[in-house]
Number of protein chains: 2
Amino acid sequence: MNKLFDRRKFIKSSALAGASLAASSIGLSESILKPFTSENDKTKAKLLRVGMIGTGLRGRSLLGVLLKREDCELIAIADPDPAAVEATNKLCQDHGKKIPVSYSNGNYDYQNLLNKEKLDTVIIASPWEWHTQQAIEVMKKGIYTGLEVCGAFSLDECWRLVNTFEETGTHLFFLENVCYRRDVLAILRMVREGMFGELIHLEGGYQHDLREVKFNNGKQPYGGGVEFGEKGMSEARWRTKNSLCRNGDLYPTHDTGPCMKWLDINRGNRFTHLVSMSSKSKGLHEYIVKNGGSDHPNAKLEWKLGDVVTTLIQTSRGEKVLLSHDTNLPRPYSLGFRVQGTKGIWMDVNESLLLEGITKPHEWTPAKDFLEKYDHPLWKKFEHKAIGAGHGGMDYFVVHAFVESAKRKQAAVIDVYDAATMMSITPLSEQSISFGSAPVPFPDFTRGKWMNWKPDFGMGEDF
Amino acid sequence: MNKLFDRRKFIKSSALAGASLAASSIGLSESILKPFTSENDKTKAKLLRVGMIGTGLRGRSLLGVLLKREDCELIAIADPDPAAVEATNKLCQDHGKKIPVSYSNGNYDYQNLLNKEKLDTVIIASPWEWHTQQAIEVMKKGIYTGLEVCGAFSLDECWRLVNTFEETGTHLFFLENVCYRRDVLAILRMVREGMFGELIHLEGGYQHDLREVKFNNGKQPYGGGVEFGEKGMSEARWRTKNSLCRNGDLYPTHDTGPCMKWLDINRGNRFTHLVSMSSKSKGLHEYIVKNGGSDHPNAKLEWKLGDVVTTLIQTSRGEKVLLSHDTNLPRPYSLGFRVQGTKGIWMDVNESLLLEGITKPHEWTPAKDFLEKYDHPLWKKFEHKAIGAGHGGMDYFVVHAFVESAKRKQAAVIDVYDAATMMSITPLSEQSISFGSAPVPFPDFTRGKWMNWKPDFGMGEDF
């Protein structure tokens with residue numbers, strides 16, 4: 001394989017090509033391929049020194065997994081909210097772990113964390129609008145970066161993440177947990193074993209009634225009122241204004257991530273273009289009127305986010321992906337996955353499948369037995385550890401993969417190119433909708449390297 | 001209401017405005033509002049004289065319903081295939097009915113049927129490419145027209161149907177049977193009673209593994225070989241070439257029809273524009289290779305129809321509709337309906353719903369009890385007659401509505417504007433796909449009259 005196109009090695013070449021940084025300063029050498037620990041020297045293994053920026057509910061949920069591990073040490077945290085710091089400290093105590101150094105003197109105190117602490121890795125779980133800036137600063141420090149998911153505000157952001165990685169050689173792991181959902185991984189095995197034939201059409205959706213996340217009473221994180229922004233609490237403080245001001249697929253990663261892994265996106269395949277269409281926006285207004293009265297000031301607001309935004313994505317191999325963003329209406333939670341190929345189809349909403357020559361033709365068969373039979377080795381191996389971790393155990397796996405990758409200082413299996421691709425769906429869908437559902441092209445964030453890269457997700461025995 | 005915009009009366013005005021036809025010659029008067037029969041003079045009722053053009057499997061399936069009725073008499077049939085005529089005659093004998101006059105001297109012998117027979121109504125169930133021409137000829141004869149469903153080949157066709165109706169005043173009933181599916185009608189009741197709140201997002205699909213319809217051995221209608229066209233039988237003779245030559249939503253009516261009725265399309269609402277995206281085409285080629293071998297001449301063909309074509313439609317009221325056309329792959333039959341509004345959601349693939357304030361929040365509840373509770377009065381009334389009719393009973397209802405409308409010579413509840421709208425989706429989706437999923441506008445086939453027309457489908461007690 002051409003050196004330039006080897007995912008792990010090309011960084012060296014491209015970094016050397018960049019005048020601003022010397023290879024030595026960014027720690028690039030063949031040693032990045034060498035595991036940080038191995039079976040033989042586990043006892044000598046030093047602890048991974050972890051920092052976290054943003055310790056709200058999501059950050060603490062990840063910490064709940066991390067603090068159970070014996071190979072990590074939470075050194076420092078940054079969050080401008082004293083309550084978040086306090087809750088984090090309590091969480092550490094509850095786990096019998098040291099209280100981390102805390103940086104909570106305003107929004108930019110995380111920079112002091114980066115300057116003062118000696119860290120192997122930093123996890124970013126701050127509000128969306130801070131993700132890119134903070135990830136770039138962490139990467140520039142040469143600290144292995146774990147980035148919580150979000151959609152981007154502009155394509156420029158996505159390019160800056162990619163460029164920073166290519167300039168610094170610091171790896172970024174995009175913490176898309178649903179890629180590790182048990183059925184998602186079982187279906188990945190089935191896809192790779194050809195059970196569905198050649199893939200044709202995939203679906204996914206972030207279909208989650210978030211009305212009690214977007215609004216609360218300022219005293220509890222979920223519901224109890226119709227406040228947001230300054231008067232809201234937790235996510236309602238920062239997330240909700242996106243629904244007020246923007247119309248697009250605002251949160252595309254939980255559905256797109258698995259589809260990308262099934263389709264080898266950025267590893268032999270890529271997204272070429274999309275179209276998005278939005279319904280009208282009625283759900284949030286109705287919710288406010290019903291729960292806060294028509295006289296409540298928020299009842300006057302005009303919400304931009306269509307209640308259901310649908311996006312169609314074409315791939316270079318000719319498959320297509322259908323995404324739904326559906327967070328303003330009463331509905332059951334459903335990621336609505338569908339994997340369909342020339343030999344079969346699986347849907348998660350009815351937990352059923354059809355496999356030609358295996359199950360009865362023209363009929364749905366319960367997927368359960370197949371999902372068990374094709375259970376991924378990682379789930380078999382780590383199920384006992386995943387029990388109790390957030391989101392049905394998937395949080396264990398994404399944290400585990402991140403930590404093991406960081407220990408080995410090796411390329412992320414959900415990397416900065418995947419982050420840029422997933423995050424770009426948000427501004428691209430906004431553009432498409434604003435132009436009356438016109439098709440808009442995906443940038444090729446890999447600059448052509450996707451043609452040579454090979455699938456690497458879910459391949460290893462360890463993570 | 002402005003006379004011009006009354007569905008039943010405007011015909012008179014517009015016909016009078018047209019110089020080519022005198023009002024008297026097309027039988028337009030207030031009498032079209034008067035029932036052909038009433039409860040009081042049933043005994044005097046003359047039989048509805050029916051002709052049928054196209055007596056293949058679909059035509060005979062409709063006849064199976066029609067011949068059971070005591071208010072209809074099958075006078076004449078036209079089909080160039082002697083076997084179809086023979087089978088029809090046998091069907092009539094089996095029902096104890098008279099053998100109809102038959103016209104089978106080539107493709108155009110139906111014109112002799114129209115010229116020689118005295119008919120009240122003609123049902124057209126010929127191959128798609130004959131629909132428009134034949135419907136126009138029937139309408140021009142002033143014969144109440146029943147048209148089997150299909151997609152159009154061009155927008156011009158759709159306009160010609162509308163223009164012919166407006167010039168002749170002859171009603172056309174578009175025989176979209178799924179509008180009468182039991183759950184579809186129950187959901188219509190629930191929609192009208194506000195159970196789903198304001199509608200936001202709808203889905204439907206023609207998701208039907210047609211590989212054994214598209215290919216057979218020339219001796220049986222379904223499967224047994226990989227032949228089509230001249231060497232095929234039944235639908236494979238004429239339908240399959242559309243998959244070879246065209247890429248779009250080739251058969252949009254079974255999913256669109258119910259969505260149009262739920263959304264009051266052409267009656268207070270209209271489709272404004274659509275985008276379509278197609279996957280690659282692999283399913284039919286794989287089927288041929290698997291069942292006919294890679295040396296079979298048909299294995300060399302390049303099929304244009306993408307295996308899954310997805311279409312997004314926007315409405316003037318701001319809802320959107322997602323349609324799937326999925327006929328080349330192994331899969332269970334599913335029309336994939338979803339009705340979602342500000343107060344709830346129903347999906348047919350998992351036969352479940354959520355209704356805010358009624359069912360448990362954030363959870364699917366089986367739809368069964370609600371579908372029974374909101375069973376449509378027509379189903380309650382005619383269930384005993386519908387048993388055994390094609391497609392789960394819905395064929396009984398569409399034939400019943402057609403016959404009763406024809407007897408009364410009154411406007412169809414699935415009319416020529418609905419036909420034009422549904423049929424236009426095919427060429428519009430082809431256009432969108434050929435322009436890389438660009439948005440394309442729907443013509444307003446009502447020329448603005450949709451703003452004044454009111455819903456009329458499923459409102460009556462009789463049909």
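The table that follows gives values for the structure above.
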item: Cα lying deepest toward the dipole's positive end in the protein assembly as shown, options A:Pro361, B:Ala411, A:Gly336, charges on Cβ; result: B:Ala411
item: Beta bridge orientation in chain A: antiparallel %, DSSP, nearest 5; result: 50 percent
item: Overall Cα dimensions of the range B:257-401, principal axis frame, Å, largest first; result: 59, 39, 34
item: 21 Å Cα-Cα reach of A:Lys360 towards lysines, excluding residues that sit fewer than 8 places from it in its own chain; result: A:Lys343, A:Lys368, A:Lys373, B:Lys214, B:Lys290
item: Alpha carbon centroid spacing (whole Å) that separates the range A:363-389 from the range A:408-426; result: 25 Å
item: Protein accessible area in chain B, 1.4 Å probe - carbon and sulfur %; result: 52 percent
item: Once the Cα gyration tensor of the range A:218-272 is diagonalised, semi-axes √(5λ) in Å; result: 35, 12, 7
item: Largest-first ordering by accessible area, 1.4 Å probe, given options B:Arg447, B:Arg49; result: B:Arg447, B:Arg49
item: Kirkwood hydrodynamic radius (C-alpha pairs) into Stokes-Einstein, the range B:231-310, 10 °C and 1.306 mPa s, D in µm²/s; result: 106 µm²/s
item: Calculated label separations, A:Arg317, copies of the chain, 7 Å along the beta-carbon direction, nm; result: 4.2
item: In the range B:199-304, the trypsin sites (Lys or Arg not before Pro) that fall in loop regions by DSSP, at most 12 other Cβ within 10 Å; result: B:Lys219
item: 1.4 Å probe, heavy atoms, protein only - residues of the range B:274-289 losing at least 50 Å² accessible area vs chain alone; result: B:Met277, B:Lys280, B:Glu286
item: Overall form of the range B:117-271 per C-alpha gyration tensor (a/c, 1.5; a/b vs b/c); result: oblate
item: Cα centroid separation - the range A:228-249 against the range B:101-139, whole Å; result: 62 Å
item: Listing of the range A:192-230 residues, each with accessible area lower by at least 50 Å² in the full protein assembly than in the chain alone (probe 1.4 Å); result: A:Glu198, A:Ile200
item: Size of charge dipole - the protein assembly as shown - debye, nearest 20, with Cβ of Lys, Arg +1 and Asp, Glu -1, no other charges; result: 220 debye
item: Dipole-positive endmost among A:Phe445, A:Gly54, B:Ala401 within the protein assembly as shown (Cβ charges, Cα centre); result: A:Phe445
item: Copies compared at A:Gly357 - label distances in nm, ascending, label defined 7 Å from Cα in the Cβ direction; result: 5.4
item: Charge-dipole axis of the protein assembly as shown as Lys and Arg at +1 and Asp and Glu at -1 on Cβ define it, positive-most pick from A:Val138, A:Leu428, A:Gly64; result: A:Leu428
item: Residue-averaged 222 nm ellipticity for the protein assembly as shown, from DSSP H runs of 4+ at -39500 (n - 2.57), nearest 500; result: -10000 deg cm²/dmol
item: Accessible surface buried once A binds B (1.4 Å probe; total of both sides; Å²); result: 4500 Å²
item: Under 19 Å from the A:Met451 label point (7 Å along Cα→beta-carbon), backbone N, the range A:228-266; result: A:264-266
item: Size-normalised alpha-carbon gyration radius of the protein assembly as shown, reference 2.2 N^0.38 Å; result: 1.06
item: Overall form of chain A per C-alpha gyration tensor (a/c, 1.5; a/b vs b/c); result: rounded
item: Cα-Cα over 23 Å, subset of B:Lys46/B:Lys118; B:Lys140/B:Lys261; A:Lys140/A:Lys385; B:Lys282/B:Lys320; B:Lys241/B:Lys282; result: B:Lys140/B:Lys261; A:Lys140/A:Lys385; B:Lys282/B:Lys320
item: Rel. contact order, % - alpha carbon contacts under 8 angstrom, at least six apart, chain A; result: 20 percent
item: Hull-based mean projected area of the range B:335-463, where the convex hull spans the alpha carbons, in square nanometres; result: 11.4 nm²
item: Size of electric dipole in chain A: Cβ of Lys, Arg +1 and of Asp, Glu -1, about Cα centre, debye, nearest 20; result: 760 debye
item: Dimensions in Å of the range B:54-187 - Rg and Dmax from alpha carbons; result: 15.1, 46
item: Label spacing, shortest first and in nm, from B:Glu193 to its equivalents in the remaining copies (7 angstrom along Cα→Cβ); result: 4.8
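The values are calculated or read from the model by the stated rules, or taken from the named source; none is laboratory data. Since the structure is predicted, the reported quantities are computational estimates derived from the model, not experimental observations. Heads up, the Cβs are rebuilt from the backbone with ideal geometry, glycines too, and the neighbour counts pull from every protein chain shown. What goes into the accessible areas is simple: the full protein's heavy atoms, side chains included, and nothing from ligands, DNA or RNA. Shrake-Rupley method; radii C 1.70, N 1.55, O 1.52, S 1.80 Å.
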